[in-house]
Amino acid sequence: MKPLIHFVHGKESGPWGTKIRYLADIARQMGFDVESLDYSATFDPAVRVRMLTDSCKKRPASYFVGSSMGGWVAMTASAAIPVRGLFLLAPAIDMPDYPPYRLGCIGNTIEIVHGWKDSLIPVENVIRFSREHKCTLHLLDDEHRLKNRLDQVGDYLKSFLDRMENRSC
């Protein structure tokens, strides 16, 4: 069975938006199975975590790729579901309306891509988190959705998955 990547969309997006479709195609070409649940029935991040962890009980995931609120969901779910790594896009870190995140992955298994011009998630939150956890951080000249640099985000995902799959345990 191929390793599974769960894509976790943001608060107001959907399971197969442009970004997830693009990145999922890259993952499939690399030999991964992909899943993207529809979380749009709730804006409660804790409920979304339960949806993701319930899905992983049926088939465990190797990686979570989360965007915005989906980044928070992926981080927090990783405390309950042992995944090999997290790839986070403009993750909702330290936001006032969110409970504190939990984290099951260590720094070298976390990679973050964030836009300098993000008006929703302060770049300072992501820089602080990356420094504290010693994870890889890519800051791009883009906004929250990272739509102007999608090709570069795809290159980062491919590099991340190559590194994670080829590292010695």
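The values are calculated or read from the model by the stated rules, or taken from the named source; none is laboratory data. Since the model is a prediction, treat every value here as computed from it, not as a measurement. Note: ideal-geometry Cβ built from the backbone for every residue, glycine included; neighbour counts use all protein chains shown. Heavy atoms of the whole protein, side chains included, go into the accessibility calculation; ligands, DNA and RNA do not. Shrake-Rupley method; radii C 1.70, N 1.55, O 1.52, S 1.80 Å.
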Exercise. State whether one or more residues within region 112-128 are more than 18 Å from residue 39 (Cα to Cα), surrounded by fewer than 24 Cβ atoms within 10 Å (Cβ to Cβ), of a type outside the set (Val, Ile, Thr) and within 13 Å of the chain's Cα centre (by Cα).
Key: no
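Please go through region 34-53 and give me each residue that is in a loop (DSSP other than H, G, I, E, B) and of a type outside the set (D, E, K, R), ordered by number.
37, 39, 40, 41, 42, 43
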Quiz item: For residues in region 54-70 being open to solvent by less than 20 Å² (accessible area, probe 1.4 Å) and assigned to a helix (DSSP H, G or I), which is nearest to residue 6 (Cα to Cα)?
Solution: 56
Quiz item: Taking region 55-69 as the search range and keeping residues that are of a type in the set (A, V, I, L, M, F, W, C) and over 14 Å from residue 10 (Cβ atoms), which one is nearest to the chain's Cα centre (by Cα)?
Solution: 61
Practice problem: Looking at (1) of a type outside the set (Ser, Thr, Tyr); (2) open to solvent by less than 30 Å² (accessible area, probe 1.4 Å); (3) touching a His at 6+ places or on another chain (Cβ under 9 Å), find the lone condition where residue 48 falls short. | Solution: (3)
Quiz item: Before we move on, is residue 130 on the phi < 0 side of the Ramachandran plot and either in a loop (DSSP other than H, G, I, E, B) or basic (Lys, Arg) (or both)?
Solution: no
Exercise. Quick one: in region 136-149, of everything that is surrounded by fewer than 18 Cβ atoms within 10 Å (Cβ to Cβ), out of contact with any Asp or Glu (no Cβ under 9 Å at 6 or more places or on another chain) and not in a loop (DSSP other than H, G, I, E, B), which residue is modelled with the lowest pLDDT?
Key: 147
Quiz item: Residues in region 12-33: is at least one of a type in the set (Lys, Arg), in a loop (DSSP other than H, G, I, E, B) and open to solvent by 60 Å² or more (accessible area, probe 1.4 Å)?
Solution: no
